[in-house]
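> The structure's right below; bear with me while I get my questions together.
The values are calculated or read from the model by the stated rules, or taken from the named source; none is laboratory data. The model shown is predicted, which means the values in this text are computed figures rather than measured ones. Quick reminder, even Gly has a Cβ in these numbers, built from the backbone with ideal geometry, and neighbours come from all protein chains shown. For accessibility, only protein heavy atoms count, side chains too; no ligands or nucleic acids. Shrake-Rupley method; radii C 1.70, N 1.55, O 1.52, S 1.80 Å.
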Amino acid sequence: MKFKSASVLNGKRIVFNINGNKYRLIVDIEFRLGIIFIVWFGPHNEYDLINAKTISYDKAHKDRK
């Protein structure tokens with residue numbers, strides 16, 4: 001499924017094209033819980049270097065303040 005400004009990669013992962021496709025936002029949506037996780041955000045040229053289907057979000061580290 002594809003929309004004008006977003007692409008559905010699977011049942012819960014969506015890529016949004018932002019600012020005329022200059023930036024990409026990858027999110028995981030947990031529909032049952034009503035939660036959206038931001039997995040990745042960056043410019044289109046960096047998006048081309050990652051695998052949008054398998055990249056995972058960075059969980060908070062204990063040493064971060």
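> Any chance you could run the full-extension gain for residue 23 through residue 48? It's 0.36 nm times the residue separation minus the Cα-Cα distance, nm to one decimal.
7.9 nm
> Could I ask something else about it? Let me cross-check residue 12: its accessible surface, 1.4 Å probe, with only protein heavy atoms counted, in Å² to the nearest 10?
About 80 Å², ignoring ligands and nucleic acids.
> Keeping all protein chains in place and using 1.4 angstrom, which order do 41, 31, 16 fall into by accessible surface area, from largest down?
31, 41, 16
> Same structure, new question: 5 Å is the cut-off here: which amide hydrogens, built 1.01 Å from N in the peptide plane, fall below it relative to residue 23, excluding neighbours closer than 5 in sequence?
Answer set, sorted by chain and number: 18, 44.
> Net charge around residue 51, counting only other residues with Cβ within less than 13 Å of its Cβ (Lys, Arg = +1; Asp, Glu = -1)?
Net of charged neighbours comes to +1.
> In units of 2.2 N^0.38 Å, what is the alpha-carbon radius of gyration of the stretch 1-53?
In units of the globular-protein estimate, the stretch 1-53 measures up at 1.10.
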